[in-house]
Amino acid sequence: MIEKRQFYINGAWVDPAEPRDLEVINPSTEEPCAIISIGSEADANDAVAAAKAAFPAWAATPPEERIALVEKFLEIYKERQEEMAQAISIEMGAPIDLARKSQWGAGYSHTKNFLTAAKDFKFIRPLGDHAPNDRIAYEPIGVCALITPWNWPMNQITLKVIAAAIAGCTMVLKPSEESPLDALLFAEMMDAAGFPKGVFNLVNGDGVGVGSVLSSHPDVDMVSFTGSTRAGIAISKAAADTLKRVHLELGGKGANVIFADADDAAVKRGVLHMMNNSGQSCNAPSRMLVQKGVYDKAVETAAEVASAVKVAPASEEGNHIGPVVNATQYEKIQGLIQKGIDEGARLVAGGTGRPEGLNRGFFVRPTVFADVNNQMTIAREEIFGPVLTIIPFETEEEAIEIANDTIYGLTNYVQSQDGERRNRMARALRSGMVEMNGQSRGAGAPFGGMKASGNGREAGVWGLEDFMEVKAISGWAAE
C-alpha cells in the first residue's frame with residue numbers, strides 16, 4: 001500500500017494540520033492502492049500564505065531564469081516517465097500503454113510548447129509606431145489556485161502549473177483526490193528542479209473543503225479550474241465576492257459531423273476517438289451526426305468498430321480501454337445507457353453491465369446508440385464514458401442546427417472532402433475548437449470553449465497570457 005499523507009508547502013513536505021485519511025481506489029480492482037490525506041482550511045491557508053510571500057521575488061525574477069527552471073523540470077519529467085505512467089494507470093485506470101504515451105506525453109508536449117512560446121514572448125512591447133513612448137507590459141496576475149481533474153491529470157496540471165510559473169505567478173495546486181499520486185510525483189519533480197520556496201505548493205483535498213477555501217480566499221488572485229460545469233458554476237459564485245479572475249475548462253458534448261463525401265475511415269476514426277480513455281474526455285466526439293445518404297452504412301460500421309474494442313484491466317499492456325474512474329461514474333453511465341434504451345434509441349453495440357469476463361472493476365461496455373434525436377437525454381448530457389450517440393441529418397444547415405443545439409461549446413468535428421464546406425462549417429459551429437478530417441490541432445494551439453464549456457484558453461501563447469495582467473504605460477524612456 002502506497003502511503004502519501006504529506007503536502008508540499010513552502011518548499012517542504014509537511015504533515016496535514018489535522019489527520020484525515022482517504023483511500024485511493026484502483027478502478028480496475030476496486031481495491032485500495034494508496035492512502036493520502038485530505039486537507040483542511042488550515043492547510044489551504046498555509047499554502048496560500050507561502051505563495052503570497054513568494055510572489056514579489058518570483059514576479060521580479062527574469063523570465064529567462066523562470067524558463068531555465070522549467071527546462072530543468074522537463075528533464076526530470078522525462079527521466080521519471082515510467083513512474084508517472086504507473087501512477088496514472090493505477091489511480092484512474094488508464095491502460096498502461098496509454099498512460100506511457102498519451103497521458104504522460106500530454107504533459108511533456110505542453111511543457112515543451114510553453115517553452116517554445118515563452119522564448120519568443122515579449123513581456124514588454126511597444127504599443128505601436130504612433131506612440132513611440134508607450135509600452136504594453138505583461139505581468140503575472142499573482143497567487144493562483146489551480147484545481148485539476150482526474151481524467152487527463154498531467155495534461156491539466158502542466159497546462160496550469162507550467163504556464164503560471166513562466167508567467168511569474170505563484171500557486172497552490174489542488175489535484176483531484178481521485179488521482180493524487182501523479183500530482184505528488186509532479187511536486188517531487190518541481191522540488192528537484194529547484195523552484196524557490198513557495199512558488200509551487202500542493203494540498204490534496206476535496207472540492208467542498210480545500211477547493212472552496214481556495215476559490216473564496218482573499219489572497220488568491222485567480223482560480224484556474226478544469227472539471228464539471230456544475231462545479232465551475234459553484235467556483236464562479238465562490239470567487240465573485242473577491243472579484244478574482246476565474247478561468248474555467250468545463251464539460252462538452254461534441255458533434256462529429258460526417259457528410260456523405262467523408263473519407264472511408266471517418267466513422268471508424270470517430271468511434272475510436274470516442275472510446276479513447278474510456279470516453280473520459282471533455283472534448284470527446286460523443287454525438288456523431290451522419291448525413292442520411294450514408295447513415296445506414298455508418299451505423300453498421302460504428303457498431304462493428306465498437307464491438308471490436310477490447311476492455312481489460314489498466315495494468316495489461318496492449319491496445320484496449322480500461323475502467324472508468326470510480327463507482328459513482330460507473331453507476332451514472334449505467335443509468336444513462338438505460339435511459340437511452342428507455343427513451344427509444346436503438347442500441348447497436350454494448351449496453352448495460354460489465355463486458356464479458358470482467359465481473360469486478362468499473363468496466364463499461366463500449367456502447368453505440370443509433371436513431372437518436374437531439375432531445376434525448378443521451379444527446380443532451382455529458383455521459384463521460386464510452387457511449388456514442390448517432391443522429392441522422394439531411395442538409396448542412398440542419399447539421400449546424402443540431403450541432404449547436406447544446407449548452408456546451410468545446411470541440412466539434414467535421415468530416416468532408418469539400419474544402420469550402422469545411423470552412424463554412426468551421427465558422428458556423430459554436431465551439432472553441434473545430435477539428436476536421438482527423439487532423440489534430442497544431443502544437444501550441446489554444447484549448448478552450450464557450451457557453452457552458454467555460455472561458456479562457458490554455459496552451460501556447462494564449463495559456464501564458466491567461467495568467468497575466470496587461471499594463472499600459474506612457475512616457476517610457478527611450479532605451
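The values are calculated or read from the model by the stated rules, or taken from the named source; none is laboratory data. All values reported here derive from a predicted model rather than from experimental measurement. Note: ideal-geometry Cβ built from the backbone for every residue, glycine included; neighbour counts use all protein chains shown.
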If I filter region 280-296 down to residues being surrounded by fewer than 24 Cβ atoms within 10 Å (Cβ to Cβ) and either part of a helix (DSSP H, G or I) or among the small types (Gly, Ala, Ser) (or both), which single residue comes out as farthest from the chain's Cα centre (by Cα)? Gly293
Residues (crowded, with 24+ Cβ neighbours inside 10 Å and either among the charged types (D, E, K, R) or within 30 Å of Pro27 (Cα to Cα) (or both)) located in region 252-274: Gly252, Lys253, Gly254, Ala255, Asn256, Val267, Gly270, Val271, Met274
Do we have any residue at all in region 295-316 that's within 30 Å of Glu249 (Cβ to Cβ), among the aromatic types (Phe, Trp, Tyr) and in contact (Cβ under 8 Å) with a residue 12 or more places away in the chain? no
Those residues of region 31-43 that are over 28 Å from Gly93 (Cβ atoms) and either assigned to a strand (DSSP E or B) or in contact with a helix residue (DSSP H, G or I) (Cβ under 6 Å, 6 or more places away or on another chain) (or both) come to a total of 1
Considering residues of region 244-268 that are of a type in the set (A, V, I, L, M, F, W, C) and in a loop (DSSP other than H, G, I, E, B) only, the residue nearest to Leu146 (Cα to Cα): Leu250
Residues of region 333-351 that turn out to be outside any loop (DSSP other than H, G, I, E, B) and either surrounded by fewer than 16 Cβ atoms within 10 Å (Cβ to Cβ) or among the hydrophobic types (A, V, I, L, M, F, W, C) (or both), as a count: 12
For region 116-126, give me each residue that is surrounded by fewer than 16 Cβ atoms within 10 Å (Cβ to Cβ) and under 34 Å from the mean Cα position of the chain (by Cα). Thr116, Lys119, Asp120, Lys122, Ile124, Arg125
Residues that are free of Cβ contacts under 8 Å to residues at least 40 places away in the same chain and touching a Pro at 6+ places or on another chain (Cβ under 8 Å), drawn from region 152-175: Pro175
Which one of these is of a type in the set (Asp, Glu) and under 17 Å from the mean Cα position of the chain (by Cα): Glu382, Glu398? Glu382
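Here is a list: Thr148, Thr116. Which entry is more than 30 Å from Ala53 (Cβ to Cβ) and β-branched (Val, Ile, Thr)?
Being more than 30 Å from Ala53 (Cβ to Cβ) and β-branched (Val, Ile, Thr) holds for just one of Thr148, Thr116, which is Thr116.
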Going by the conditions given, is Arg354 in the same structural domain as Asn277 (by TED's automatic domain parsing), charged (D, E, K, R) and buried (at least 16 other Cβ atoms within 10 Å of the Cβ)? yes
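So, Arg245, is that one touching a residue at least 24 places away in the same chain (Cβ under 8 Å) and in the same structural domain as Glu381 (by TED's automatic domain parsing) or not?
So Arg245 fails the test.
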Given the conditions (1) assigned to a helix (DSSP H, G or I); (2) in contact (Cβ under 8 Å) with a residue 60 or more places away in the chain, and given that Pro149 satisfies all but one, which numbered condition is not satisfied? (1)
Output the qualifying pairs, or none if there are none: Cβ atoms under 8 angstrom, residues six or more apart or on different chains, first residue in region 430-458 and closer than 17 Å to Gly409 by Cβ and of a type in the set (A, V, I, L, M, F, W, C), second residue buried (at least 17 other Cβ atoms within 10 Å of the Cβ) and modelled with pLDDT under 95. Ala452/Thr229
Among the residues of region 103-123, are any under 23 Å from Val246 (Cβ atoms) and among the hydroxyl-bearing types (Ser, Thr, Tyr)? no
Odd one out for Val325, checked against (1) touching a residue at least 24 places away in the same chain (Cβ under 8 Å); (2) in a loop (DSSP other than H, G, I, E, B); (3) surrounded by fewer than 23 Cβ atoms within 10 Å (Cβ to Cβ); (4) on the phi < 0 side of the Ramachandran plot: (3)
